[in-house]
Each structure stands twice: as C-alpha cells, then as structure tokens.
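Novice: Just passing along the structure, written as structure tokens.
Nothing in this text is a laboratory measurement; each read-out follows from the coordinates by a stated rule. Just so it is clear, the model here is predicted, and its values are computed rather than measured. Here the Cβ positions follow ideal geometry from the backbone for every residue, glycine too, while neighbour counts run over all protein chains shown.
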Amino acid sequence: LVVTGVALVPAGAASPAAPPATRTPVPAAPASAPPPGLEPAVLGESPTPAISSVAARASRSSGPAKAPAPTYFVSAAGNDANPGTSAGSPFRTLQRAADLAGPGDIVAVMNGTYTEPRKGSNVLTIKRSGRPGAPITFTAYPGHHPVLNPKTAWNGISVYGASHIVIKNLEVKGNNAALSLADAERSSSKTDPTYNTNCISVEKNRESGAYSHHVDIIGNLVHDCPGGGISAIEADHVNIISNHVHSNSWYTVYGSSGISVLTPRDTDGGDPRTYKIRISGNRVHDNETKVKWEGCQCYSDGNGIIVDTTKGDPQRSRPAYGGRILVANNISYDNGGSGIHAFKSQHVDIVHNTAYLNGRSTRIKTPYANIFAHDSTDVRLLDNIAYAHPGQATNSASRNVDVTYDYNIYFGGKAPETKGPHDIIADPKLIAPGTGANADFRLRKGSPAIGSGIPFPAVTTDFTGAARKAGAPDRGAYGFGAGAAAPTAGGESQMPGQMRPDAAGGSGGETGADTAGGSSTETGAAGDEGSGLTAQGGSEPLAHTGGSDPVLPLGIGAGVLVAGAGLLVLVRRRRS
C-alpha cells in the first residue's frame with residue numbers, strides 16, 4: 001500500500017486534490033465530545049458516540065420533524081443575479097452560493113447538471129467556514145437529484161481550508177465515460193486536470209495555510225472520476241459516512257483510491273483514545289489505477305479505502321497525527337488495490353468490514369491483500385470478513401508493530417501471514433457475493449460469522465443500521481438477518497441506518513473488546529520487496545501520523561505483529 005502524490009497547481013489556479021506474537025496493549029476506548037447531531041454512546045463512563053446512536057439519530061431526523069429552511073437555493077435554470085434565497089429565484093452556480101453562505105446556512109441544490117466554469121477550476125470550492133453547532137451544509141433540495149459533473153476540473157468539490165462543513169445527498173459524476181485508457185497513457189500528465197479530476201477533496205488552503213476540519217461527507221454518490229473518489233489530505237475531524245463510491249482512479253497519474261485519508265493534521269491536539277476521523281457505512285467498489293503513478297513510473301493503489309501515512313514524515317515536514325481513526329461497517333469489493341488497509345499509520349481501528357475479491361489489478365506486481373496493515377503500529381483489525389482471490393494474500397505481517405488481527409474470517413486466498421487466536425479460515429457463506437450491481441454480502445444461515453465476533457462498543461449497529469446482537473456479534477459489515485440496503489443514489493435516500501451526523505464535527509467513539517484467549521500464530525514481517533507496496537514521492541510531501549498505543553479495554557489477545565527486518569523499497573505517493 002502506498003502513499004499518493006498531489007499535483008501542485010500554478011498560483012491562482014484551483015488546487016487539485018492529492019491524488020493522493022507478542023501481546024500488545026490496545027488503545028483504550030477513545031472518548032471525545034460528540035459533534036452536533038451525534039449522541040454519546042452509553043459505553044461505560046465514556047461520553048463517546050457509538051455508531052448505533054448516530055444511526056438512531058439519523059433515522060429519527062429523517063422522520064416528520066421539520067427541517068430548517070434552506071438559506072440559499074441553486075438551480076441549473078437559475079441566475080446568479082437572482083437573490084438566491086427562495087426556490088423561485090435560485091442562483092445558477094454552486095459557487096455563488098458558497099461565496100455567500102455563512103454559519104448555519106443550508107445550500108439546497110435543485111435539479112440540473114453542474115460543471116466547472118473553465119478548465120482547471122473546480123465545480124465547487126468551499127472556503128468559507130461554519131462554526132461549532134452551525135455548519136454550512138450543501139445538500140440536494142428535497143425530491144431533487146442534482147449532478148455535479150466535473151470534466152476538466154481538478155475537483156468536483158474542494159473543501160479548501162474550510163471548517164464545519166457538511167456535504168450530503170449529492171451525486172458527483174466524473175468524466176470517465178468520455179475518456180480512454182489509450183488516451184490517458186498517451187496524454188495524462190500531473191499538470192493536466194483532464195485525467196486527474198477528483199470527485200470530492202478535503203484539503204489545506206495553500207495560500208492561507210488553513211487546514212480543513214470538522215467536515216462531514218454523508219450519503220453521496222461519488223463515481224467515475226479519473227482521479228480519487230473522496231480524499232481528505234492534511235485535514236482533521238472528518239466523517240466519511242454512508243457514501244457509494246465506485247469506478248474512480250482509472251486514469252490519474254497519481255496513486256489515488258476510492259476513499260483515502262492522507263497525512264491528517266491535529267488542529268486541536270491529538271489523543272489516541274479519541275476518534276477524530278471516521279470512515280463508516282460506505283459501499284466502495286471498482287476503483288483502480290490503470291495508469292502508472294508519475295512518481296515511480298509504477299502501478300499502485302486504486303484501493304477501496306486507505307488510511308495513509310499517519311505516523312509522521314519529518315523529511316517532508318509532516319508531523320505525526322495524534323488522533324484515532326475508525327474504519328467500520330464498510331463493504332469494499334472488486335477494487336484494483338486493497339479492500340481496506342492502513343499504510344505507514346497508527347491509531348487505527350478497522351472493525352466489522354466486509355472485503356471481497358479486491359486486488360484485482362493485473363498491473364500491480366504483487367496484488368494487495370483484502371484487509372491489512374503495512375508498516376504500521378497500534379492498529380486493530382477485528383470482526384472483519386476478507387474473501388480473497390485464489391492464491392492472493394489475505395492479510396499482511398509486513399513491518400508492523402503492535403498490530404492486532406483477531407476475530408476475522410479469511411477465505412479464498414493464501415493462508416494469513418498472521419492469525420489471531422479467534423481468526424477463522426472458512427467460507428463466510430454470503431448470500432450472493434459478486435462484483436456486479438446485485439452483489440449481496442449479507443450472511444446466510446450457517447455462516448461461521450454469526451455470533452462469533454467480539455463486541456466493539458463503538459460499533460453497535462451494522463451496515464444497514466440494525467442493532468448488533470448483545471454478547472457475541474456477527475462478524476463482517478452485516479448482522480445476520482439484516483435487510484438489504486440500497487446503494488446511496490445521491491440526492492435521494494441514503495443507505496439506511498448508517499452514521500449520518502447532521503453537523504460537521506469529529507466524533508469520539510469507544511473502542512474495546514473482550515478478552516481473547518487462545519494461541520496465536522506469529523509471523524515475521526515480510527519484506528517490502530515482496531509486498532507490492534511502493535511508497536511514492538509524488539509532487540507533494542507525504543505526511544505520517546503518530547500517536548501512542550491505546551489499550552484495548554478488555555485486553556484482547558491476538559496475533560500481534562512484531563517489527564520485521566524485511567527490506568522496504570518505497571516510492572511514496574499521495575492517495576486521493
């Protein structure tokens with residue numbers, strides 16, 4: 001797994017998003033004050049919100065309760081000379097509304113297709129900030145299905161050094177259908193946005209130096225951008241929740257992915273016991289890099305979800321990130337790189353996810369595993385299902401320290417490089433797994449995932465929002481008997497029951513697990529040479545985040561990875 005690079009843009013131009021067994025103590029349950037719209041979970045004495053409470057609130061908020069009236073309206077049939085304060089006199093462009101919106105304002109986007117005003121700009125650049133409890137919200141007008149369609153833009157949406165922002169229920173559709181691999185291989189360059197367009201980017205304002213923070217990206221349909229899908233680079237307090245992200249990263253010269261968090265920054269101090277970034281309830285597939293990354297002239301990334309370089313990179317003036325990151329209840333399948341992984345990162349919990357037949361790229365020298373950590377520390381991978389291609393890696397023990405694998409199910413690939421005492425190698429018995437539109441990753445009767453997991457207080461509902469059973473939960477993103485969840489359509493209903501906070505903000509969450517006994521199988525760290533992972537230099541520096549080792553409250557014993565002496569040959573790159 002690698003880091004991806006971001007292209008620098010000439011002054012005055014819109015910035016492109018960076019394409020971007022020993023036993024170990026595990027972090028104590030993270031705790032933080034919940035952002036507006038998130039309820040604290042009832043978990044011991046911690047005030048941190050659990051996914052279940054957030055889902056419940058989201059469900060209640062979708063009921064008959066009256067929503068605040070939008071402040072600004074935008075329509076493809078509007079006019080920027082209009083007042084923009086009613087549905088009858090809307091603005092024409094999103095940018096006009098964004099340049100006026102302030103704390104607490106809602107920008108309601110009506111039907112139509114919205115494109116960038118000129119090559120190299122963005123469809124929407126958000127520079128103005130909300131405030132705690134009063135975010136600026138960009139959302140579809142009720143009953144409407146607007147489409148942001150960047151064609152020669154660097155980004156569909158760029159949150160550029162802004163804070164307290166909510167982006168929800170929108171569709172961002174890139175221009176892949178009009179592009180070809182042959183043209184991309186011949187014409188793509190790091191200075192041309194045509195083949196490097198990102199759908200949604202959260203990034204630093206390079207002019208002012210301001211970092212974006214408290215940004216919620218909720219219930220959007222994000223697809224067909226030649227660059228990254230959703231990326232957060234040098235940002236803090238970001239929630240990426242209930243989005244459907246597919247068919248991105250095909251033609252970029254940067255190593256981008258479906259969803260990526262790269263070199264986050266602590267804007268208010270960092271605590272490895274506190275969740276500040278959450279990636280939850282997303283459906284991510286068909287993301288793949290088909291063009292060589294310009295930094296190494298090699299293929300890499302195109303992952304479903306990646307947490308990238310959070311340990312700090314002094315050589316590139318990127319400090320360690322002190323907060324904790326939760327990756328939970330996601331379904332990631334048929335991506336070119338990994339399904340989900342942490343690369344050169346720490347303070348990450350990857351819990352209750354389902355990954356299926358990732359590592360599909362035939363261009364990457366060594367296919368990535370489904371769910372794993374590489375060159376990381378203080379990472380917990382629990383209650384996941386990883387269904388691999390025959391002969392491919394299921395997880396990784398490469399250069400990890402204090403990385404815990406346990407209560408996972410592996411099937412279809414090579415034997416795990418490291419195996420926790422409660423990990424299982426067996427067919428998870430999914431209803432109708434596949435790579436098509438009708439793939440169904442729910443559990444069938446008799447699945448070994450049913451009732452065999454370990455409780456994790458921060459994750460008390462499943463992908464659909466159904467409550468996880470008390471006691472031993474089901475492994476994977478779905479609980480047994482869960483109803484089918486329709487993919488997020490953008491502008492319409494979101495995937496049911498997912499974390500959908502109404503206001504931007506970092507959310508805390510408790511992490512924990514029961515004591516896990518049994519014997520563990522330890523494996524030495526594999527060398528990077530054989531890992532297929534290349535750290536890339538990119539056109540911009542990478543950041544690593546650090547932090548301390550949180551401790552798993554209930555003392556989970558698992559396959560904990562010891563640092564290996566394998567040689568790592570990295571070509572760093574930025575991930576989008």
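Novice: Label points 7 Å out from Cα along the Cβ direction at residue 187 and residue 363: separation in nm?
Specialist: With each label point 7 Å from Cα toward Cβ, the separation is 1.7 nm.
Novice: Here's something else I'd like to know. Arrange 293, 154, 250 by Cβ neighbour counts within 10 Å, fewest through most, would you?
Specialist: Working: 293 31, 154 28, 250 25.
In increasing order of surrounding Cβ atoms, one gets 250, 154, 293.
Novice: Separate question: Could you tell me whether segment 326-428 comes out rounded, prolate or oblate from its Cα gyration tensor? Rule is a ≥ b ≥ c as square roots of the eigenvalues, rounded for a/c under 1.5, then prolate if a/b exceeds b/c, otherwise oblate.
Specialist: It is rounded, given that a/c, with a ≥ b ≥ c, falls under 1.5.
Novice: With labels modelled as points extended 7 Å from the Cα through the Cβ direction, what inter-label distance (nm, one decimal) is found for residue 437 paired with residue 100?
Specialist: 3.8 nm
Novice: Please give the FRET efficiency for residue 127 paired with residue 87, using the beta carbon to beta carbon distance and R0 = 25 Å, rounded to the nearest 0.05. Before the final figure, lay out each step's value.
Specialist: On the way: r = 26 Å, r/R0 = 1.02.
Plugging the Cβ-Cβ distance into 1/(1 + (r/R0)^6) gives 0.45.
Novice: On to the next question. When the Kirkwood radius is taken over all Cα pairs of segment 74-122, what Stokes-Einstein diffusion coefficient follows at 25 °C and 0.890 mPa s, in µm²/s?
Specialist: Details: Rh = 11.1 Å.
Once the numbers are plugged in, D ends up at 220 µm²/s.
Novice: Then there is this: What does the highest-first list of 226-233, 155-162 look like by mean Cβ count within 10 Å? Please report the intermediate quantities before stating the final value.
Specialist: Working: 226-233: 34.0, 155-162: 28.4.
Order by mean packing, descending: 226-233, 155-162.
Novice: What's the local net charge at residue 478, with K and R +1, D and E -1, over the other residues with C-beta under 15 Å away?
Specialist: Working: positive: 283, 429, 442, 444, 445, 468, 469, 475; negative: 383, 440, 462, 474.
Net local charge, residue 478 excluded: +4.
Novice: Which residues among segment 261-292 fall inside the zone where the amide N is under 20 Å from a point 7 Å beyond the Cα of residue 486, along Cα→Cβ?
Specialist: In segment 261-292, the label zone of residue 486 (backbone N under 20 Å from the point 7 Å along Cα→Cβ) covers 281-285.
Novice: Another question, then. Cut-off under 17 Å on the C-alpha distance; same-chain residues fewer than 8 positions from residue 292 excluded. Which lysines are left, in chain and number order?
Specialist: Candidates past the 8-residue exclusion: 190, 365.
Novice: Report for segment 201-306 the percent antiparallel among DSSP-assigned beta bridges with both residues inside it, nearest 5. Numbers along the way, then the final one.
Specialist: Working: 1 of 24 bridges.
Of those bridges, close to 5 percent are antiparallel.
Novice: For segment 137-263, restrict the atom set to alpha-carbon positions and state the Rg and Dmax in Å.
Specialist: Cα-based Rg and Dmax for segment 137-263 come out at 14.1, 43 Å.
Novice: Still on this structure, please answer the following. How would you classify segment 379-484 from its alpha-carbon gyration tensor, with a ≥ b ≥ c the square roots of the eigenvalues: rounded for a/c under 1.5, else prolate if a/b is greater than b/c, otherwise oblate? The partial results should precede the final answer.
Specialist: On the way: a/c = 1.94, a/b = 1.21, b/c = 1.60.
The shape class here is oblate.
Novice: Does segment 270-381 classify as rounded, prolate or oblate by the C-alpha gyration tensor (a ≥ b ≥ c root eigenvalues; a/c under 1.5 gives rounded; else a/b over b/c gives prolate, otherwise oblate)?
Specialist: Values: a/c = 2.35, a/b = 1.24, b/c = 1.89.
Judged from the Cα gyration tensor, segment 270-381 comes out oblate (a/c at least 1.5, b/c at or above a/b).
Novice: Taking only the C-alpha atoms, wrap a convex hull around segment 422-467 and report its volume per residue in Å³ as a whole number. If you can, show how the numbers build up before the last one.
Specialist: Details: hull volume 5.1 nm³, N = 46.
So the per-residue Cα hull volume is 110 Å³.
Novice: Using the 10 angstrom Cβ neighbour count as an exposure proxy, how do 463, 372, 411 rank, fewest first?
Specialist: On the way: 463 30, 372 33, 411 19.
Final ranking by Cβ density, sparse to dense: 411, 463, 372.
Novice: Moving on. How big is the Rg/Rh ratio for segment 195-258, C-alpha atoms only, Rh by Kirkwood, two decimals?
Specialist: 0.99
Novice: Over segment 128-200, what is the mean sequence separation of C-alpha contacts under 8 Å (at least six apart), divided by residue count, expressed as relative contact order in percent? If you can, show how the numbers build up before the last one.
Specialist: Details: 107 pairs, mean separation 29.0, N = 73.
For segment 128-200, the relative contact order is 40 percent.
Novice: Please compute the contact order of segment 307-451 in relative form: average sequence separation of alpha-carbon pairs under 8 Å and at least six residues apart, divided by the residue count, as a percent. Before the final figure, lay out each step's value.
Specialist: Numbers: 392 pairs, mean separation 23.5, N = 145.
Worked out over segment 307-451, it gives 16 percent.
Novice: Additional query: How do 382, 179 line up, fewest other C-beta atoms within 10 Å first?
Specialist: 179, 382
Novice: Could you let me know the centre-to-centre spacing of segment 329-405 and segment 151-196, using Cα atoms, in angstrom?
Specialist: The distance from the Cα centre of segment 329-405 to that of segment 151-196 comes to 26 Å.
Novice: Rounded to two decimals, what is the ratio between the C-alpha radius of gyration of segment 301-340 and 2.2 N^0.38 Å?
Specialist: Working: Rg = 13.0 Å, N = 40, 2.2 N^0.38 = 8.9 Å.
That ratio works out to 1.45.
Novice: Related question: I'd like the FRET efficiency for residue 452 and residue 268, computed as 1/(1 + (r/R0)^6) with the beta carbon distance as r and R0 of 30 Å, rounded to 0.05.
Specialist: Working: r = 39 Å, r/R0 = 1.29.
Here the calculated transfer efficiency is 0.20.
Novice: So, one more: Could you sort out which of 127/173; 344/445; 151/276 sit more than 28 Å apart by Cα distance in this structure?
Specialist: Values: 127/173 22 Å; 344/445 38 Å; 151/276 33 Å.
Flagged as over cut-off: 344/445; 151/276.
Novice: When DSSP beta bridges are limited to those with both residues in segment 382-494, what percentage is antiparallel, rounded to the nearest 5? Write down the numbers at each step before the final one.
Specialist: Working: 3 of 9 bridges.
Restricted to segment 382-494, the bridges split so that about 35 percent are antiparallel.
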